[in-house]
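A quick write-up on the structure given underneath.
The values are calculated or read from the model by the stated rules, or taken from the named source; none is laboratory data. Note that the structure is a prediction, hence the values are computed from the model and not measured. In this analysis, Cβ positions are derived from the backbone assuming ideal geometry, glycine residues included, and neighbour counts consider all displayed protein chains. Calculation scope for accessible area: heavy atoms of the full protein, side chains included, ligands and nucleic acids excluded. Shrake-Rupley method; radii C 1.70, N 1.55, O 1.52, S 1.80 Å.
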Amino acid sequence: MSPIRAVLVVEDEPAIANLVALHLEQCGFEAVIASDGRRALDLLGKALPSLVVLDLMLPDMDGLDVLRRLRSDERSARLPVVLLTARGSEEDRVTGLELGADDYVTKPFSPRELMLRVTKLLAVREPVPQDKMPTVFGCLEIDEDRFRVAVEGRTVEISATEMRLLTELIRARGKVLSRTQILQSAWGFMPNVTERTVDTHIKRLRQKLGAAAAYIETVRGVGYRWVEDPSAASTRKAVTV
Ligand code: CA
């Protein structure tokens, strides 16, 4: 389950990398930039994004070697890869496709064209929707498809990250999720996000949920849990204390 869609952009030219990242973010993706091949392989060794945009001309190694390494590792053998290639380097494109790249754009490219290829590749691989999560908990209503959360009938402004947090907790309802698990499922491939971030977002989410905040229980030293009946939980606590 990975509701987040992170894209790793492997490109050493900052202007191009930033342009691509900006367009990805406008399309609702999280963009992570790696400015050389080594950094890219390092990041990919830790966690996998949804897709990689890979420039073939990198300062430290050939982009084709990065692709080769990705394809030879079982974990990333099917990771969607879009190549950025230089005009006139037909041989590189052919080699790239033979090595298993999914698509390519030729520099100079239109960012919109690149976004079309990225979204097309990810749409094909979109997983089958999972069972619908419950949408009403007491005074709290959640409509994931319409991106709407309401408490006591009033709509609450919620960010995409908060919505992911909320739906991850609810899907695992009853079960404690550790901060690391929450990071993996709600943030996915985000190397700069720390466990502290989870706490900050939970705090903000609780504030927004107001009367429904008690559904999120802190499990000291472990993480967080969605409780289906907070009133029962607080009674239990009161009795144990
Ligand atoms: Ca380059």
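Details
- For the chain, the longest principal axis of the C-alpha atoms and the axis of helix 63-72 are separated by about 60°.
- Average accessible area per residue (Å²) across the chain - probe 1.4 Å, nucleic acids and ligands excluded: 54
- Across all directions, the shadow cast by the convex hull of the stretch 135-235 built on its C-alpha atoms averages 6.2 square nanometres.
- Inter-probe distance in nm under a simple model that places probes 7 Å from Cα toward Cβ, at Arg146 and Glu195: 3.9
- Computed on the Cα atoms alone, the convex hull of the stretch 6-123 gives a volume of 88 cubic angstrom per residue.
- Among Leu121, Leu140, the sequence by solvent-accessible area, most first, with a 1.4 Å probe is Leu121, Leu140.
- Most to least accessible of Cys27, Cys139 (protein chains only, probe 1.4 Å): Cys27, Cys139
- In this view, the solvent-accessible surface of Leu99, computed with a 1.4 Å probe and all protein chains in place, comes to about 40 Å².
- Cα pair distances exceeding 13 angstrom across the stretch 42-103, given as percent: 59
- Ligands, DNA and RNA excluded, the heavy atoms of Glu144 present near 60 Å² of accessible surface to a 1.4 Å solvent probe.
- Debye, to nearest 20: dipole size of the chain, +1 on Lys, Arg Cβ, -1 on Asp, Glu Cβ: 1120
- Magnitude of the charge dipole, the stretch 47-162, Cβ model with Lys/Arg +1 and Asp/Glu -1, debye to 20: 200
- Surface composition of the stretch 1-109: carbon plus sulfur atoms contribute 47% of the solvent-accessible area (1.4 Å probe, protein chains only, all chains present).
- Kirkwood Rh in Å, taken over the chain so that all alpha-carbon pairs contribute: 19.8
- At full extension, Arg69 and Ala123 could sit 17.0 nm farther apart than now, given 0.36 nm per residue minus the alpha carbon distance.
- Accessible-area order (highest first, 1.4 angstrom probe) of the listed residues Thr85, Thr200: Thr200, Thr85
- For the stretch 137-190, the Rg and Dmax computed from alpha carbons only, in angstrom: 12.0, 35
- The stretch 174-192-the stretch 20-81 distance, computed between alpha-carbon centres (Å): 21
- Rounded tilt (10° steps) of 111-124 against the dominant C-alpha axis of the chain: 60
- Over the chain, relative contact order from alpha-carbon pairs under 8 Å, at least 6 apart, %: 16
- Each residue, Lys175 and Thr155, gets one label point 7 Å from its Cα in the Cβ direction; the gap between the two is 3.3 nm.
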